[in-house]
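**Student:** What follows is a single structure, and I will ask about it in a moment.
The values are calculated or read from the model by the stated rules, or taken from the named source; none is laboratory data. Computed from a predicted structure; not experimentally measured. All Cβ positions, glycine included, derive from the backbone under ideal geometry; neighbour counts span all protein chains shown.
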Amino acid sequence: MISFILLLIFGTWVLINRFSVGGKVEGHPLGTPRGTIRALSTIMIVAFPLGNLLFRQPIDPLIVNVIFVVVAFYFEARRSGYEKMSDVIEEIKRPDLIIQDTKKQKYPLYLPKYSVRFLLVLLLFLTLITYYSNPSASFEVTNTIFDLLIIVILFILGASFRSIAHSREKKKLKEKIVNMDASLTDVEIIEKILLEESSWWKRKGRNILSTIMFIIVVISLIWFTFGWNQIILFELPDGYELSVVGFLLLLINAYYGFRD
């Protein structure tokens with residue numbers, strides 16, 4: 001339940017800022033700052049056990065296993081394209097090429113930088129306190145090997161698609177550079193490439209994927225919250241089973257691998 005309360009709070013905050021003057025961020029899911037959808041998904045997953053512990057409800061082991069991997073992926077992946085480009089600009093000593101002013105840059109959920117990371121750490125800390133202060137709390141991890149194998153495989157699958165897409169973009173970039181006017185300087189080439197219009201996939205495709213993934217996470221957590229009967233995708237002889245909804249939740253790992 002805590003997950004959906006946080007979704008309501010942050011969702012309302014995001015909507016208010018999104019439809020305020022200058023709140024729309026072009027080229028990102030639903031016109032919100034880069035990483036907002038990912039931040040909401042991660043916060044909901046991390047907060048899920050806390051709500052169950054507070055109301056003394058059982059926690060699906062799959063949720064526990066997903067949390068640690070998702071948090072690790074999120075912390076590793078949170079480096080914006082702006083920061084990477086700033087490094088390039090710094091190397092060529094041309095700060096005037098920075099398209100977006102640092103002061104105007106919007107971070108996930110329209111919050112200050114590192115706010116989401118701090119919130120995730122706080123949620124984990126509160127979960128541990130709640131667990132250790134409540135002797136009757138049920139918080140256990142089972143079938144870790146199989147769960148982690150699926151998580152890692154999905155992440156690698158997503159990362160493989162990302163690698164293929166990156167290789168194609170790199171090849172196209174080389175062709176563009178070769179076909180450019182030879183009289184242009186390196187700085188002018190960089191500037192020209194930055195100002196080029198992105199492909200449909202970069203502008204819309206990834207945004208649609210982010211939105212679909214967020215919807216999947218919300219639906220999966222609702223399903224786990226009410227403990228509805230779940231269709232079993234497969235079952236192993238030792239009793240391990242994976243439901244369709246559980247697999248859908250695990251798809252966030254493939255998404256993380258693909259996006260970053």
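**Student:** Would you check if residue 17 is part of a helix (DSSP H, G or I), modelled with pLDDT under 85 and of a type outside the set (D, E, K, R)? Spell out the reasoning first.
**Tutor:** Details: part of a helix (DSSP H, G or I): yes; modelled with pLDDT under 85: no; of a type outside the set (D, E, K, R): yes.
In short, no.
**Student:** Take the conditions among the β-branched types (Val, Ile, Thr) and either surrounded by fewer than 23 Cβ atoms within 10 Å (Cβ to Cβ) or more than 28 Å from residue 205 (Cβ to Cβ) (or both) and apply them to residue 46. Does it pass?
**Tutor:** no
**Student:** Where residues in segment 49-62 are among the hydrophobic types (A, V, I, L, M, F, W, C) and buried (at least 21 other Cβ atoms within 10 Å of the Cβ), which of them is farthest from residue 127 (Cα to Cα)?
**Tutor:** Top of the filtered list is 62.
**Student:** I've got another one for you. Among the residues of segment 9-34, how many are over 18 Å from the mean Cα position of the chain (by Cα) and of a type in the set (A, V, I, L, M, F, W, C)?
**Tutor:** Residues meeting the conditions: 6.
**Student:** Tell me, which residue of segment 1-43 that is of a type in the set (Gly, Ala, Ser) and at positive phi is surrounded by the fewest Cβ atoms within 10 Å (Cβ to Cβ)?
**Tutor:** 22
**Student:** Continuing with the same structure: Here are the criteria: (1) modelled with pLDDT of 85 or more; (2) out of contact with any Pro (no Cβ under 7 Å at 6 or more places or on another chain). Tell me which single one residue 37 does not satisfy.
**Tutor:** (2)
**Student:** What's the number of the only condition in (1) surrounded by 15 or more Cβ atoms within 10 Å (Cβ to Cβ); (2) modelled with pLDDT of 80 or more; (3) touching a Gly at 6+ places or on another chain (Cβ under 7 Å); (4) of a type outside the set (Ser, Thr, Tyr) that residue 126 fails to meet?
**Tutor:** (3)
**Student:** Taking segment 34-48 on its own, how many of its residues are in contact with a Gly (Cβ under 9 Å, 6 or more places away or on another chain) and farther than 18 Å from residue 122 by Cβ? Talk me through it step by step, then tell me what you get.
**Tutor:** Pass one, segment 34-48, residues in contact with a Gly (Cβ under 9 Å, 6 or more places away or on another chain): 34, 40.
Narrowing further to those that are farther than 18 Å from residue 122 by Cβ: 34.
Of the residues in that region, 1 qualify.
**Student:** Here is a check on your reading of the model: is residue 99 surrounded by 15 or more Cβ atoms within 10 Å (Cβ to Cβ), over 25 Å from residue 154 (Cβ atoms) and at pLDDT below 80?
**Tutor:** The answer is no for residue 99.
**Student:** Between residues in segment 50-69 that are within 14 Å of residue 131 (Cβ to Cβ) and residues that are assigned to a helix (DSSP H, G or I) and among the hydroxyl-bearing types (Ser, Thr, Tyr), which pairs lie under 7 Å by C-beta distance while being six or more apart or on different chains?
**Tutor:** Partner pairs satisfying both residue conditions: 50/127; 50/130; 51/3; 53/127; 53/130; 53/131; 54/130.
**Student:** Of the residues 183, 220, 167, 210, which single one is modelled with pLDDT of 75 or more, hydroxyl-bearing (Ser, Thr, Tyr), surrounded by fewer than 14 Cβ atoms within 10 Å (Cβ to Cβ) and assigned to a helix (DSSP H, G or I)?
**Tutor:** Unique residue meeting the criteria: 167.
**Student:** Could I ask something else about it? Report, by residue number, each residue of segment 134-146 that is farther than 26 Å from residue 7 by Cα and either among the aromatic types (Phe, Trp, Tyr) or at pLDDT 75 or above (or both).
**Tutor:** 146 - this is the single residue of segment 134-146 that is farther than 26 Å from residue 7 by Cα and either among the aromatic types (Phe, Trp, Tyr) or at pLDDT 75 or above (or both).
**Student:** Is it the case that residue 52 is polar (S, T, N, Q), under 23 Å from residue 242 (Cα atoms), in a helix (DSSP H, G or I) and over 16 Å from the mean Cα position of the chain (by Cα)?
**Tutor:** It is true that residue 52 is polar (S, T, N, Q), under 23 Å from residue 242 (Cα atoms), in a helix (DSSP H, G or I) and over 16 Å from the mean Cα position of the chain (by Cα).
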